[in-house]
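J.: Dropping a structure here in structure tokens format, bear with me for questions.
Where a number appears in this text, it was derived from the coordinates with a stated rule and is not lab data. Quick caveat, the model's predicted, so the values are computed rather than measured. We place every Cβ from the backbone using ideal geometry, glycine too, and count neighbours over all the protein chains shown.
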Amino acid sequence: MTRQPGTSGLIFNEPNVWDKSRDGRCAISLPRADVDRAPLDPALTGDAPDLPQLSELDVVRHYTRLSQWNFGVDSGMYPLGSCTMKYNPKTNEVQAARQGFAGAHPLAGEAFSQGTLRLMYELEQYLAEITGYAGVTLQPAAGAHGELAGMLIIHAYHAKQGRQRSKIIIPDTAHGTNPASATLCGYKSINLKSGPKGILEPDAVAAVMDEDTAGIMITNPNTLGLFEEHIKEICDIVHAKGGLVYGDGANMNAIMGVVKPGDAGIDVLHLNLHKTFSTPHGGGGPGSGPVAVTEALIPFLPVPRVEKELDTFKLVSDCPDTIGRMHTFYGHFGVMVKAYAYILSMGPRGLLDASRLAVLNANYIKDSLKDTLNLPYDRPCMHECVFNDARQKSYHITTMDMAKRLLDYGFHPPTVYFPLVVEGAFMVEPTETESKDDIDQFINAVKAIAKEAESAPEKLTRAPVLPKVTRLDEVSAARKPCLRG
Amino acid sequence: MRYLPHTQEDIKEMLAVTGRTSLDDLFDTIPDALKTKNGLNLPDPLTEWELNDHMEKLASENIACKGYTCFIGAGSYDHYIPAIIPYLVSRSEFATAYTPYQPEVSQGTLQGIYEFQTMVTDLLGMDIATASHYDCGTALAECALIALRKNKKADKIAVSDLVHPSHRQIIDTYLKPAGFKMVTIGHTKEGRTDISALEAMDGIAGLAVQSPNFFGHIEDLAACKKVADSKKILFITSFTEALAWGLLKNPGSFGADLVAGEGQSLGIAKTFGGPGLGLLAGTKKLMRDLPGRLVGRTKDTNGEDGYVLTLSTREQHIRREKASSNICSNNGLNAMTAAMYLSTIGKIGIREIAQLNHDKAVYLKSILTSAGFEPAFDQPFFNEFVMKAPKNFKQKRAELINRHCMFAGLDLAPFYPQLTDHYLFCATEKVSRQQMDQLAKEVA
Ligand SMILES: Cc1ncc(COP(=O)(O)O)c(C=O)c1O
């Protein structure tokens with residue numbers, strides 16, 4: 001297994017779909033008209049949209065060829081930090097596609113939807129157990145949507161206390177969605193520097209926390225892949241001033257069965273089912289961002305809520321303190337099915353093992369590569385580790401060059417230039433589903449690239465050469481946007 | 001566990017490299033007091049075949065497991081999904097990729113979404129469509145926020161009460177905390193937005209009207225646009241049934257500034273209401289105000305065409321607290337699904353399917369009328385309409401579900417309390433004349 005996976009092979013050119021269009025083709029068998037035509041007033045109708053006209057094989061070939069230009073978890077290692085690109089089990093897809101789920105109309109009525117409601121209820125309970133909270137909503141459609149739900153809950157809580165607050169503390173390691181979600185609630189973000197160890201210092205929090213501050217948004221483990229060791233003290237400081245603590249649980253994959261964020265004093269936490277709970281990311285979504293809360297915050301959860309009465313399940317909207325509705329129906333049910341199937345397949349021990357092995361893989365990479373790449377925070381990490389390009393700078397090689405060269409070796413690059421606190425960040429999250437052999441191959445690739453940086457830097461600056469296209473001109477793309485064909 | 005590849009030997013070797021002796025040591029930086037002591041209280045793991053049994057049992061507790069005749073729409077529509085759609089979209093290169101941050105190995109997603117953006121702009125007659133949003137309701141709330149940002153002096157959005165009730169609730173959720181307000185515009189006795197009510201209103205940043213509206217009626221968007229213009233406010237339109245644009249004049253032709261829509265009808269299974277597909281389109285003028293991802297065309301270093309995510313200076317990962325939205329992940333795979341569906345049905349198919357939806361709905365309305373229902377309105381509609389039901393209908397409706405797995409309309413009273421005994425019916429290309437005749441016979 002010394003050969004790297006990256007190689008060249010035959011892929012196909014494929015034009016835009018409309019370039020294949022020929023008048024008169026149609027790739028669907030149209031149903032027979034069994035009722036009379038009922039023409040609408042011509043004043044109300046328009047021309048049919050100019051969609052491509054293709055045969056069924058045209059469509060199949062078009063999208064098959066497009067797919068071959070993509071890299072997915074099924075193609076190879078995808079150590080994209082902060083994104084938890086673990087294996088997406090195929091059985092989950094089978095479960096979600098069952099007619100009883102996929103065919104369910106959202107307004108069929110509770111009596112005819114007991115299976116979906118039971119699944120949602122049980123998934124809420126499982127997530128509450130994993131995170132250590134009293135209540136969970138599954139309604140948010142993605143992580144950022146969960147953050148918004150959580151911030152709305154904090155906002156509603158303060159309103160209920162009789163006095164709204166104007167600020168929110170956000171560490172410099174936070175994901176961009178955190179401050180953007182806070183802004184939507186009208187909160188001003190107070191940027192907080194993390195300490196020299198890459199984690200928050202309680203004193204720094206105490207210095208900015210006041211009675212006009214609604215709370216703090218903390219990602220734990222944080223985006224440097226480090227556990228916020230002072231989380232309990234920080235929560236106490238924020239609580240003492242009447243604030244609440246928001247937890248960004250995007251990195252929950254490091255601590256399932258190890259720590260329950262609810263036990264640490266965090267009041268509200270969102271999860272990403274499309275990270276920790278193995279649902280595929282789909283090249284951009286759909287995800288699902290459940291939110292877990294303490295007992296005191298349950299009244300503020302979005303409606304409708306799923307409740308159990310004896311052995312039947314119902315949807316309840318009559319909650320006077322609720323933040324309201326976040327989604328047209330109940331959230332991304334299809335994604336929930338996959339996460340539920342995952343939890344049942346793993347069991348309690350499997351989830352714990354997943355976290356332990358995710359952390360083992362990340363530390364193994366960190367310790368194997370720290371002589372090759374600069375490691376700004378040389379500390380035991382959780383599920384990911386963050387290097388940078390400080391050592392390659394003298395050869396005029398950047399993180400981006402190394403990332404692009406990894407493509408030629410057959411790996412998806414890590415997350416680059418995030419978190420912002422590390423200049424030229426190169427953030428590696430292998431996840432637990434990568435084997436030692438594949439990780440060793442990745443480590444060897446990075447080492448080989450670091451050597452190339454010294455001896456043949458043009459191999460990096462010209463990379464990638466194997467994919468369908470070389471580096472793309474993003475500057476012109478933004479300067480002269482062409483957003484449609 | 002079959003997803004975990006580590007052998008005992010692997011673990012030993014890897015721990016040695018990290019200088020640890022046990023997996024527990026890896027968590028040394030976590031204070032002991034925080035550690036979970038007794039493990040997780042979750043069910044024991046199931047084998048794949050046990051999981052199949054368990055899931056089928058759950059699925060069978062839903063009536064949908066049997067296949068049912070669906071005369072309900074209201075934001076989730078029962079359209080035929082060609083076999084190639086789930087087949088193609090489940091290709092793992094699409095499904096198991098992340099957001100295309102590395103364009104060189106994401107050209108499939110990127111070209112696919114660029115084509116999606118193009119087809120959506122064609123469908124709606126708009127300049128620009130984004131790479132998707134969560135659903136119509138959240139996209140519409142984002143449009144309201146854009147209008148408020150564009151007009152700093154205003155603090156209200158006027159929303160027709162024939163916008164989907166859930167969408168109005170979402171707008172309310174999004175506007176309230178920042179101190180904005182949603183004001184509702186009532187409807188006329190014909191079942192259309194009473195646009196004249198807007199004329200007397202002040203402090204409004206935008207007008208939101210759904211067409212076809214929640215009652216299924218085609219709104220007079222030209223009249224709405226005129227009033228919006230006279231107030232110098234943004235004109236936002238929304239829709240829940242994307243296939244309507246195969247037949248109706250599109251919102252762009254009426255001068256909509258922003259359009260929010262639900263794309264579930266475009267090849268996406270109902271799945272208990274989600275994930276669907278939020279569509280969001282705007283005029284060129286509003287390009288830099290739009291939320292979320294956009295794909296643009298460019299060239300690579302060899303001069304070959306390629307695609308990238310672009311205009312990201314609007315977005316949270318660059319602008320943080322000043323971003324145009326907090327959205328990060330969207331509903332990308334469903335956007336890809338919609339593009340596949342639109343390519344499959346094509347220009348001919350969309351017209352024919354849209355016309356069939358309308359024809360069947362007209363037929364259904366007429367036979368229900370003969371069966372003793374009373375049309376609540378006399379307005380042009382697409383594939384949904386409101387009927388006042390005869391006295392004993394509630395009982396019969398329940399029997400129809402239990403005996404024939406047939407869902408005869410949606411009770412409107414929970415949404416519009418004044419509309420007791422009124423039901424919203426929907427007919428798509430999937431219902432046959434025979435099923436409609438059966439419905440009329442059973443309820444007569
Ligand atoms: C730390 C962190 N928080 C929040 C998010 C936002 O999640 P989503 O993309 O599902 O909205 C992400 C995902 O990129 C993340 O990495």
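J.: With a/c under 1.5 counting as rounded, go ahead and sort the range B:314-386 into rounded, prolate or oblate using the C-alpha gyration tensor (a ≥ b ≥ c being the square roots of the eigenvalues; past the cut-off, prolate if a/b is larger than b/c, else oblate).
T.: oblate
J.: So which aspartates and glutamates pass the test for residue B:441, namely a Cα distance under 14 Å, with those fewer than 8 places away in the same chain ruled out?
T.: B:399
J.: Across the residues of B:174-185, average count of Cβ atoms on other protein chains within 10 Å? Walk me through the intermediate numbers first.
T.: Values: counts 7, 2, 8, 13, 6, 2, 1, 0, 0, 0, 0, 0.
Partner Cβ neighbours, averaged per residue: 3.
J.: Measuring from label point to label point, each 7 Å out along Cα→Cβ, what is the residue B:183 to residue B:1 span in nm?
T.: Taking the simple label geometry, residue B:183 and residue B:1 are separated by 5.6 nm.
J.: Taking the simple approach of a point 7 Å from Cα along Cα-to-Cβ for both residue B:223 and residue B:127, what is their distance in nm?
T.: Placing both labels 7 Å along Cα→Cβ, they lie 2.9 nm apart.
J.: Once you put a point 7 Å from the Cα of residue B:398 and another 7 Å from the Cα of residue A:321, both along the Cβ direction, what distance in nm separates them?
T.: According to this spin-label approximation, the distance is 3.6 nm.
J.: Could I ask something else about it? Take every DSSP beta bridge whose two residues both sit in the protein assembly as shown, then give the antiparallel share in percent to the nearest 5.
T.: Details: 47 of 83 bridges.
If we restrict to bridges inside the protein assembly as shown, about 55 percent are antiparallel.
J.: A follow-up question, please. Nearest 5 percent is fine: what portion of the DSSP beta bridges confined to chain A is antiparallel?
T.: Percent antiparallel among DSSP bridges in chain A is about 55.
J.: Taking 0.36 nm per intervening residue step and subtracting the Cα-Cα distance, what contour gain separates residue B:285 from residue B:66 on full extension?
T.: Values: separation 219, 0.36 × 219 = 78.84 nm, distance 4.89 nm.
My answer for the length gained is 73.9 nm.
J.: Across peptide B:161-173, what mean number of C-beta atoms from other chains lies inside 10 Å of a residue's C-beta?
T.: Values: counts 0, 0, 0, 1, 2, 7, 2, 1, 8, 6, 2, 3, 11.
Shielding by partners across B:161-173 averages 3.
J.: Decide, for the range A:57-180, between rounded, prolate and oblate: order the square roots of the alpha carbon gyration tensor eigenvalues as a ≥ b ≥ c, take rounded if a/c falls under 1.5, and otherwise choose prolate if a/b is larger than b/c, else oblate.
T.: oblate
J.: Only helical DSSP H runs with n ≥ 4 go in: add -39500 (n - 2.57) per run for chain B, normalise by residue count and round the 222 nm mean residue ellipticity to 500 deg cm²/dmol.
T.: About -11000 deg cm²/dmol.
J.: For an R0 of 35 angstrom, estimate the FRET efficiency from the Cβ-Cβ distance between residue A:420 and residue B:200 and round to the nearest 0.05.
T.: Result of the calculation: an efficiency of 0.10.
J.: Could I ask something else about it? Non-local amide H neighbours of residue A:219 (under 5 Å, H modeled in plane, Pro and chain starts lacking H): which ones?
T.: Amide H neighbours of residue A:219: A:248.
J.: So, one more: Need one number for the range A:347-475: average projected area of the convex hull over its C-alpha atoms, nm².
T.: Here the figure is 9.0 nm², rounded to one decimal.
J.: Something else now. For the modelled label position 7 Å from the Cα of residue B:50 along Cα-to-Cβ, which residues of the range B:1-16 have backbone nitrogen atoms closer than 18 Å?
T.: Those under the cut-off are B:1-4.
J.: Quick one: Cα centre-to-centre distance for the range A:91-146 and the range A:1-76, in angstrom?
T.: That distance is 31 Å.
J.: Same structure again: Which helices, counted as full DSSP H runs in chain A, have an axial Cα extent of no less than 24 Å and a Kyte-Doolittle average of -1.0 or above?
T.: The qualifying helices are A:114-131, A:143-161, A:333-369, A:436-455.
J.: Now, a different point. Between their Cα atoms, which of A:436/A:468; A:480/B:284; A:188/B:176; B:270/B:430; B:394/B:430 are more than 21 Å away from each other?
T.: Check vs 21 Å cut-off fails for A:436/A:468; B:394/B:430.
J.: Using only the Cα atoms of chain A, build the gyration tensor, take square roots of its eigenvalues as a ≥ b ≥ c, and label the shape rounded, prolate or oblate: rounded if a/c is under 1.5, else prolate if a/b is larger than b/c, else oblate.
T.: oblate
J.: Provide Rg over Rh for the protein assembly as shown; use the alpha carbon set for both Rg and the Kirkwood Rh (inverse mean inverse pair distance).
T.: That ratio is 0.96, to two decimals.
J.: A further question follows. By per-residue mean of other Cβ atoms within 10 Å, what is the highest-first order of B:426-437, B:255-266? Please report the intermediate quantities before stating the final value.
T.: On the way: B:426-437: 19.5, B:255-266: 27.8.
For the peptides B:426-437, B:255-266, the packing ranking is B:255-266, B:426-437.
J.: Let me ask something else about it. For residue A:160, list the aspartates and glutamates whose Cα falls under 20 Å from its own Cα; do not include residues on the same chain fewer than 8 positions away.
T.: Partners within reach: A:147, A:210, A:211, A:212, A:267, A:295, A:318, A:321, B:172.
J.: Could you pull out every one of the lysines with an alpha carbon less than 20 Å from that of residue B:231, ignoring same-chain neighbours closer than 8 positions?
T.: B:150, B:152, B:153, B:156, B:181, B:285
J.: Rounded to the nearest 5, what % of the DSSP beta bridges within the range B:84-341 are antiparallel ones? Walk me through the intermediate numbers first.
T.: Working: 14 of 32 bridges.
Counting only bridges with both partners in the range B:84-341, antiparallel ones make up about 45 percent.
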